[in-house]
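Accompanying notes for the structure given below.
The values are calculated or read from the model by the stated rules, or taken from the named source; none is laboratory data. What you see is a predicted model, and the numbers here were worked out from it, not measured in a lab. All Cβ positions, even for glycine, are placed from backbone atoms using ideal geometry, and neighbour counts span all protein chains on display.
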Amino acid sequence: MEEVSQGASEPDSPVPGVKRPVFILGVVSFLTDVSSEMVYPLVPLFLTSVLGAPLTAVGIIEGLAEGGASLFKTVGGWASDRLRMRRPLVFAGYALSAVAKPLLAAAYVWPVVLLVRFGDRAGKGVRTAPRDALVAEVTPAQVRGRAFGFHRAADTLGAVVGPAVALGLLALFSDNFRLIFILAFIPAVAGVALVSLVRERPPPPAAAGATTSTWRELGVGFYVFLGVSLVFALGNSSDVFLLLRAKDVGLSNSEVVLSYMLFNLVYAVVAMPAGIASDRLGRRNVIGLGFAVFAAVYVGFGLAGGGAVIWPLFAVYGLYMALTEGVGRAFVADFVPSDRRATALGLYQGAMGAMILLSSVIAGALWDIVDPAAPFFLGAATALLALVALVILRPQVAVPPRG
């Protein structure tokens, strides 16, 4: 296949089976996530304790920021295919997120934080689909799971290091939030600089003649998988509810943070092996296993009667993420030719993000009106339903990829 030979022409990196552009993008994502996770856990504390914002404002800020990210993922993917470029949008997205970090230090009223957080998440949205399309295009199809697994591992390792750095800086600088926001700019700008080292392949002949990027051309298999994924996402509410549940059953604030770091550590360690497994065993099989693991974990959170059980549940939750996140992106890339790949990835990630926002609203209502365990039983049920749909419908990669 043309795609395999072109992918094979890219130089390898220090990681076996991972091409040099993918390795560089992994380092970029690691640095960016260190920066983001230095800031993200502190924003609610900064808003409430320093700026005196109400909790309603915190919800508005995060809701609009994440909603904006979902929208820009879809738009960024469409624009990348329409303009037939990847790296400029990747660079712009990372740069926008980097600039947002020190701007938080200049915020003295909460609406400014809203604007900055929206800009940060917009940057994430703009870069995500073009970056993932670039990863797919430089990687032979038979090792695509490995490549996405490596990238997810590098990105998630930043989510382990970032909060640890933030906690250390809080202690060192006596809760000086503004200084930490400024320092977070350092790894972010280093990541932006590295993007310039990524070589972008010109579009293949079939893609170069394309003038539009329509949703109809993504294929039946893609839409079947998207539908199954949206059923799953209906019960996959924000991880904030996992943290709240951990606190609800007895963990202290510091233990909640540490349990979340454990989740990210397991995710980072298992992501690449899970991607390799998807190359060998099939994406659908690995994702189905991930759905089953998610259902078991959510039943565990629903039944949890004490803090001790939360630790293994968070560890197994990291296994679910490793089995689905990178593998799902690789599966989407398998369905479509390269000149539609960013569009498909953007639509998939944007729709999933929008559904998770809806599921979080539902989870909040269930928590308040029914019982704190109710959102988790809903999540387990939708995961099992999605697993059944995945087995019955069996979305197939019907179109050989171009380039």
Filter region 66-80 for residues that are at pLDDT 90 or above and surrounded by 17 or more Cβ atoms within 10 Å (Cβ to Cβ); the one that is farthest from residue 341 (Cα to Cα) is 72
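When region 160-199 is examined, which residues are found to be without any contact (Cβ under 8 Å) to a residue 12 or more places away in the chain and among the charged types (D, E, K, R)? Talk me through it step by step, then tell me what you get.
To start, the set of residues in region 160-199 that are without any contact (Cβ under 8 Å) to a residue 12 or more places away in the chain comprises 168, 171-176, 193.
Hit for region 160-199 is 175, nothing else.
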Of the residues in region 180-200 that are of a type outside the set (A, V, I, L, M) and outside any helix (DSSP H, G or I), the one that is modelled with the highest pLDDT is 196
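Take residue 63 and decide whether it is over 19 Å from the mean Cα position of the chain (by Cα) and modelled with pLDDT under 80.
Working: over 19 Å from the mean Cα position of the chain (by Cα): no; modelled with pLDDT under 80: yes.
So residue 63 does not fit the description; no.
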The correct count of residues that are without any contact (Cβ under 8 Å) to a residue 60 or more places away in the chain and buried (at least 17 other Cβ atoms within 10 Å of the Cβ) in region 228-243 is 1
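Being under 23 Å from residue 88 (Cα atoms) and part of a helix (DSSP H, G or I) narrows it down to one residue among 354, 333, 315; which is it?
One residue alone meets the criteria, 333.
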Residue pairs qualifying under the 7 Å Cβ cut-off, at least six apart or on distinct chains, with the first in region 362-385 being in a helix (DSSP H, G or I) and the second being surrounded by fewer than 21 Cβ atoms within 10 Å (Cβ to Cβ) and among the aromatic types (Phe, Trp, Tyr), are 374/367; 375/367
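Conditions (1) farther than 23 Å from residue 278 by Cβ; (2) polar (S, T, N, Q); (3) within 13 Å of the chain's Cα centre (by Cα), marked per residue:
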| residue | (1), (2), (3) |
| --- | --- |
| 321 | no, no, yes |
| 341 | no, no, no |
| 344 | no, no, no |
| 363 | yes, no, no |
Scanning region 291-308 for residues that are more than 9 Å from residue 383 (Cα to Cα) and of a type in the set (Gly, Ala, Ser) gives 296, 300, 302, 304, 305, 306, 307, 308
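To keep it simple, each residue is scored yes or no on (1) closer than 30 Å to residue 154 by Cβ; (2) modelled with pLDDT of 95 or more.
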residue: 329; (1), (2): yes, yes
residue: 352; (1), (2): yes, no
residue: 355; (1), (2): yes, no
residue: 361; (1), (2): no, no
residue: 384; (1), (2): no, yes
residue: 390; (1), (2): yes, yes
Filter region 125-146 for residues that are under 20 Å from the mean Cα position of the chain (by Cα) and either surrounded by fewer than 24 Cβ atoms within 10 Å (Cβ to Cβ) or acidic (Asp, Glu) (or both); the one that is modelled with the highest pLDDT is 132
**OP:** State yes or no: is residue 57 closer than 28 Å to residue 258 by Cα and either crowded, with 19+ Cβ neighbours inside 10 Å or in contact (Cβ under 8 Å) with a residue 24 or more places away in the chain (or both)?
**Re:** yes
Within region 81-98, restricting to residues that are among the hydrophobic types (A, V, I, L, M, F, W, C) and modelled with pLDDT of 95 or more, the one that is nearest to residue 195 (Cα to Cα) is 91
Quick count over region 81-106, residues being buried (at least 24 other Cβ atoms within 10 Å of the Cβ), without any contact (Cβ under 8 Å) to a residue 60 or more places away in the chain and of a type in the set (A, V, I, L, M, F, W, C), is 1
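Can we say residue 139 is more than 28 Å from residue 52 (Cβ to Cβ), touching a strand residue (DSSP E or B) at 6+ places or on another chain (Cβ under 8 Å) and either β-branched (Val, Ile, Thr) or without any contact (Cβ under 8 Å) to a residue 40 or more places away in the chain (or both)? I'd like the intermediate steps shown before the answer.
Details: more than 28 Å from residue 52 (Cβ to Cβ): yes; touching a strand residue (DSSP E or B) at 6+ places or on another chain (Cβ under 8 Å): yes; either β-branched (Val, Ile, Thr) or without any contact (Cβ under 8 Å) to a residue 40 or more places away in the chain (or both): yes.
The answer is yes for residue 139.
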*asked:* Kindly evaluate residue 310 against the criterion of being buried (at least 24 other Cβ atoms within 10 Å of the Cβ), hydrophobic (A, V, I, L, M, F, W, C) and more than 20 Å from residue 228 (Cβ to Cβ).
replied: yes
Margin query: Please determine whether any residue of region 225-235 is part of a loop (DSSP other than H, G, I, E, B) and assigned by TED's automatic domain parsing to the domain that holds residue 376.
Written below: yes
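Given the criteria within 25 Å of residue 149 (Cβ to Cβ), of a type in the set (Val, Ile, Thr) and touching a residue at least 60 places away in the same chain (Cβ under 8 Å), does residue 269 qualify? Before you say what the answer is, go through the steps one by one.
Numbers: within 25 Å of residue 149 (Cβ to Cβ): yes; of a type in the set (Val, Ile, Thr): yes; touching a residue at least 60 places away in the same chain (Cβ under 8 Å): yes.
Here the answer is yes, as residue 269 does meet what is asked.
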